[in-house]
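S.K.: Please find one structure pasted underneath; my questions will follow.
Please treat every number below as a calculation from the coordinates, not as lab data. The structure presented is a predicted model; accordingly, all values stated were derived computationally and were not measured. Cβ: placed from backbone, ideal geometry, glycine included. Neighbour counts: every protein chain shown.
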Amino acid sequence: MGTSKIREAVTLNIVTNNEHVPEVDCYIRTLKERTRSVYNSLPFKKFPNRLLIEIVYAQVFWLNVFPSDNGISKRRSTRNIVTGSGIDYNLHCKL
């Protein structure tokens, strides 16, 4: 079975100090909203710091698992492009 490599052009956007990149700002805002949503849905009054860190990790994981409409690739997720690994639906998508 042959393997095919997908080559995609990447444009490097260089910015100066204190310059905001709208795409990054939007990603950070989305990450904060999702983290707050999970944080506020839990029935605890106090959280260990590690729990908050894991909530953020989980939100980053799920944001990077699926391909973005305006991302580098329409077919490959950010996680797949960077790490070369996808997700195991039997492991990651269990209820």
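S.K.: In the list Ile53, Ile14, which residue meets the criterion of being of a type outside the set (Lys, Arg) and either in contact with a Cys (Cβ under 6 Å, 6 or more places away or on another chain) or not in a loop (DSSP other than H, G, I, E, B) (or both)?
M.R.: Ile53
S.K.: Would you please name the residue that is surrounded by the fewest Cβ atoms within 10 Å (Cβ to Cβ), looking only at residues in region 71-95 that are of a type outside the set (Val, Ile, Thr) and touching a helix residue (DSSP H, G or I) at 6+ places or on another chain (Cβ under 8 Å)?
M.R.: The qualifying residue surrounded by the fewest Cβ atoms within 10 Å (Cβ to Cβ) is Ser85.
S.K.: Sticking with this structure for a sec: What is the residue count in region 59-76 for residues that are more than 9 Å from the chain's Cα centre (by Cα) and either in a helix (DSSP H, G or I) or of a type in the set (Ser, Thr, Tyr) (or both)?
M.R.: The total comes to 2.
S.K.: Considering region 25-35 alone, what residues qualify as being among the basic types (Lys, Arg) and loosely packed, with under 12 Cβ neighbours inside 10 Å?
M.R.: Answer for region 25-35, where residues must be among the basic types (Lys, Arg) and loosely packed, with under 12 Cβ neighbours inside 10 Å: just Arg29.
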